[in-house]
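Chemist: Pasting a structure below so you can have a look.
The values are calculated or read from the model by the stated rules, or taken from the named source; none is laboratory data. Every value quoted in this text rests on a predicted model; they were computed, and no experiment measured them. Cβ coordinates were reconstructed from backbone atoms using ideal geometry, including for glycine residues, and neighbour counts include every protein chain displayed. Surface accessibility is based on the protein's heavy atoms, side chains included, excluding ligands, DNA and RNA. Shrake-Rupley method; radii C 1.70, N 1.55, O 1.52, S 1.80 Å.
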Amino acid sequence: MTTYSYFPGCSLKGSGRAYEESLLPVLRALDVELEELDDWNCCGATAYMAVDEVRACVIASRNLALAEKLSHKELLAPCNACYLVLNKTQHYMKESPSVQGAIQKALKAGGLTCKGTQPVRHPLDVIVNTIGLDAIRKRVRRPLTGLKVAPYYGCQIVRPYATFDDQYNPTTMDRLLEALGCTVVPFPLKTRCCGGSLTGTLPEPGLHCSYLILKEALRRQADVIATVCPLCQFNLDSYHDKIAGKWGAVRIPTVYMTQLMGLAFNMNERELGLYRGFIPMKPLPASKPAE
Amino acid sequence: MKLKKRIIQYEAERVVGFADEIRNVPGCEELRSCIQCGTCSGVCPLSTYMDYSPRQIIGMVQSGFKDKALRSHTIWLCASCYSCAVECPRKIRITDIMYELKQRAIQERIYPRRFPIPILAQEFNKMAQTHGRVTENVLAAIMFLKSTWWTAFGMWRLGLGLMRRGRFPLHLESIKRKDELNRMLKTLDKVTIDMLHDERGKGEPARGGGR
Ligand code: SF4
Ligand code: SF4
């Protein structure tokens, strides 16, 4: 049994709660426990960086400090944006004496300390590179044979820091999905931008980014898109009406990789939060539960 | 034959020292080494929607065309995907430069009027600061009310759909130890004001101002 500190981030408590609902039981099934940071705050995300970068780092550093207080070795951040912001803050702490100075002064005023050296990891990395595909294969009760999946990673999990995979053609999730029995379709847009927060602010260019990804997934005859980020999931799943009105219908469900893992582990669909998506997944192709 | 639109820049528009100011910001140091190869514009998924390509923006900053760069739509269209930054042959962190330009534009209040993105950024900032957490749907509502409120009417279906799926929290998320965060941010204010005096004190006041 391993325990990680856990920084859920705002989305996983709001519009992306299906991610948390599927992440926790799936990790538990693999003998990994998470301890949520006590009183964590918003990581700052990209919107904060646009107002004041140093401030964004300070806000994020409070979470790093809270994580260092716990006795676990590593911190898990499932949202791509949180994952990047926390990593970026650590980079800045190392690279820039002025940012480091500001952070330390501010933390001191809050009665906290932070070295900034604890590894911040994404569940995808932990699941494949630490838990390992063999353990996953052993836990699969109902292989997702015949399910064609387009793996969509998003930007910030691999860029700008290639922490555990290639910056344009990552394959970690591909291997995971194969271990679950899925057929992974070739998907060259796997790290193209989904539009980020533009979909809400400037729909025309923002939604067009999402549209291109959805269309490509359909062209590749995928049944479902797998994501590892709550904002990507939201963008690819929630705006189908608007997208259809502008460029034509591209209906395809988008789910979290952890939901697919849960299905392969034969967990309850409802408990995995699958009903929370706008475009429902088709019932799985009949496959007998393995003995 | 169609005439090609050319941008004419006048020497008088240059703000001497602007490039150096930006270069002093952590993450923007390599600005000077841009060779205008255009790789950034080529890989940028949003460049087709931008009024100036990322390469042009870097060029403007390099040569001190501050006003044009800060007024551009480009900086607000940048979705922070970091494609440009990892491909740039001179290792320029274009995304971070875009962030810095957004910050300048907000500070000097010269972004396009009723343009929702700066408003989102500011409201996000406020909410994260006062509550410690962000409740996305409330944030979206405030943002639409402050900028393009009429589009909020078009969003009611999305809100309803989220509500039906239990993804629309009705209470405002908040942290418990707000005083801890506030003390941190107050201290930071003092630190950054000192830093601003050191680093940016020499900068010129914004031109044009207003919108
Ligand atoms: S890719 Fe780099 S060097 Fe090339 S134009 Fe863009 S910023 Fe300049
Ligand atoms: S980070 Fe911004 S400028 Fe760079 S490629 Fe992405 S959207 Fe374009």
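Chemist: Give me the inter-chain shielding for A:272-282: mean count of other chain Cβ atoms within 10 Å, whole number please. Display every interim value, and only then the final one.
Modeler: Working: counts 0, 3, 0, 3, 5, 2, 6, 0, 0, 0, 0.
Mean partner-chain Cβ count within 10 Å for A:272-282: 2.
Chemist: As an exercise, take the mean of 1/r over every pair of distinct alpha carbons in region A:147-244, invert it, and state the Kirkwood radius in angstroms.
Modeler: Values: mean 1/r = 0.0736 Å⁻¹.
Mean inverse Cα-Cα distance, inverted, gives 13.6 Å.
Chemist: Just the Cα atoms of region A:47-112: what Rg and Dmax do they give in Å?
Modeler: 11.6, 33
Chemist: Heavy atoms of the protein only, probe of 1.4 Å, neighbouring chains included. What is the accessible area of A:Y211 in Å², nearest 10?
Modeler: Approximately 30 Å² for this residue.
Chemist: Still on this structure: Could you tell me what a quarter of the Cα convex hull surface of region A:130-170 works out to, in nm² with one decimal place? Mind showing how you got there, number by number?
Modeler: Values: hull surface 16.0 nm².
For region A:130-170, averaging the hull's shadow over all directions gives 4.0 nm².
Chemist: Expressed as an acute angle from 0 to 90° and rounded to the nearest 10, what is the orientation of the C-alpha long axis of helix A:97-109 relative to the principal long axis of chain A?
Modeler: Rounded to the nearest ten degrees, it is 80.
Chemist: Just the number, please: buried accessible area between A and B, total of both chains, 1.4 angstrom probe, nearest 100 square angstrom.
Modeler: Numbers: alone 13140 and 14040 Å², together 21370 Å².
Looking at A and B, the buried total is near 5800 Å².
Chemist: Where does each of A:125-136, B:100-111 land if you order them by average Cβ count within 10 Å, highest first?
Modeler: On the way: A:125-136: 17.0, B:100-111: 19.9.
Going from most to least packed, we get B:100-111, A:125-136.
Chemist: Also, I was wondering about something else. For chain A, calculate the relative contact order in percent as a whole number, restricting contacts to Cα pairs under 8 Å that are 6 or more residues apart. Intermediate results must be reported in sequence, preceding the final value.
Modeler: Details: 519 pairs, mean separation 58.5, N = 291.
Relative contact order here is 20 percent.
Chemist: To continue, here is another question. Looking only at Cα atoms, what is the convex hull volume of region B:11-107 per residue, in Å³? It would help to have the intermediate numbers written out before the result.
Modeler: Numbers: hull volume 8.6 nm³, N = 97.
Considering the Cα atoms of region B:11-107, their hull volume per residue is 89 Å³.
Chemist: Tell me the carbon and sulfur percent of the accessible area for region B:33-85, rounded to whole percent, probe radius 1.4 Å.
Modeler: Numbers: 860 of 1650 Å².
Reported share for carbon and sulfur atoms: 52 percent.
Chemist: How far, in degrees from 0 to 90, does helix A:17-29 lean away from the longest principal axis of the Cα atoms of chain A, to the nearest 10?
Modeler: 90
Chemist: Rounded to the nearest 10 Å², what accessible area does A:R121 have for a 1.4 Å probe in the complete protein model?
Modeler: Answer for A:R121: close to 30 Å² accessible.
Chemist: So how far, in whole Å, is the C-alpha centre of region B:22-88 from the one of region A:172-240?
Modeler: When both Cα centres are located, 26 Å separates them.
Chemist: Enter the mean number of other protein chain beta carbons within 10 Å of the beta carbon of each residue in A:187-199, as an integer.
Modeler: On the way: counts 0, 0, 1, 0, 3, 4, 9, 3, 4, 5, 9, 10, 1.
Whole-number average of other-chain Cβ neighbours for A:187-199 is 4.
Chemist: Averaged over its residues, how many other protein chain Cβ atoms are within 10 Å of peptide A:11-17's Cβ atoms? If you can, show how the numbers build up before the last one.
Modeler: On the way: counts 3, 0, 6, 12, 10, 2, 4.
Per-residue shielding by partner chains comes out at 5.
Chemist: Further, regarding this structure: Quote the Stokes-Einstein diffusion coefficient, in whole µm² s⁻¹, for region A:2-121, based on the Kirkwood radius over alpha carbon pairs, a temperature of 37 °C and a viscosity of 0.692 mPa s.
Modeler: Details: Rh = 14.5 Å.
The Stokes-Einstein estimate is 226 µm²/s.
Chemist: How do B:I75, B:I8 stack up against each other in accessible area, from largest to smallest, with a 1.4 angstrom probe?
Modeler: B:I8, B:I75
Chemist: Here's a follow-up. From largest accessible area down, sort A:Y83, A:Y168, B:Y10; use a 1.4 Å probe on the protein chains. It would help to have the intermediate numbers written out before the result.
Modeler: On the way: A:Y83 5, A:Y168 80, B:Y10 135 Å².
Largest accessible area first, the list is B:Y10, A:Y168, A:Y83.
Chemist: In debye, nearest 20, what is the charge dipole magnitude of region A:143-267 about its Cα centre with +1 on Lys and Arg Cβ and -1 on Asp and Glu Cβ, if you could check?
Modeler: On the way: 11 positive and 9 negative charges, 51 e Å.
With only Lys, Arg, Asp and Glu charged at Cβ, the dipole is about 240 debye.
Chemist: Here's something else I'd like to know. Step through the table entries A:K73/A:K105; A:K138/A:K190; A:K190/B:K102; A:K88/A:K115; A:K69/A:K115, compare each Cα-Cα distance with 22 Å, and write down the pairs that go over it.
Modeler: Numbers: A:K73/A:K105 25 Å; A:K138/A:K190 27 Å; A:K190/B:K102 28 Å; A:K88/A:K115 14 Å; A:K69/A:K115 11 Å.
Distance filter (> 22 Å) returns A:K73/A:K105; A:K138/A:K190; A:K190/B:K102.
Chemist: When the accessible area of region A:143-267 is split by element with a 1.4 Å probe, what percent falls to carbon and sulfur? Could the numbers behind the result be given before it?
Modeler: Numbers: 1910 of 3730 Å².
About 51 percent, which is the carbon plus sulfur part of the accessible surface.
Chemist: Give me the residues in region B:63-98 whose solvent-accessible area, probe 1.4 Å, is reduced by at least 10 Å² once all protein chains are included instead of the chain isolated.
Modeler: B:L77, B:A79, B:S80, B:C81, B:Y82, B:S83, B:V86, B:E87, B:R93, B:D96
Chemist: Quick one: which residues, 5+ away or cross-chain, put their amide H under 5 Å from the amide H of A:E35? H built at 1.01 Å from N.
Modeler: HN-HN under 5 Å from A:E35: A:Y4, A:S5, A:Y6.
Chemist: To the nearest 10 degrees, how steep is helix A:53-69 against the longest Cα principal axis of chain A, on a 0 to 90 scale?
Modeler: 90
Chemist: Per residue of region B:47-61, in order, report the coupling 6.51 cos²θ - 1.76 cosθ + 1.60 (Karplus, θ = phi - 60°) as ³J(HN,Hα) in whole Hz, putting x for Gly and Pro.
Modeler: Per residue, the Karplus-derived 3J(HN,Hα) values read 4, 5, 9, 7, 7, 10, 6, x, 4, 5, 4, 4, x, 4, 5 Hz.
Chemist: Another question about this same structure. Could you tell me which of the pairs A:K94/B:K186; B:K68/B:K186; A:K108/B:K91; A:K108/B:K178; A:K13/A:K94 are separated by over 27 angstrom between their Cα atoms in the structure shown?
Modeler: Details: A:K94/B:K186 23 Å; B:K68/B:K186 33 Å; A:K108/B:K91 34 Å; A:K108/B:K178 15 Å; A:K13/A:K94 31 Å.
B:K68/B:K186; A:K108/B:K91; A:K13/A:K94, as the Cα separations exceed 27 Å there.
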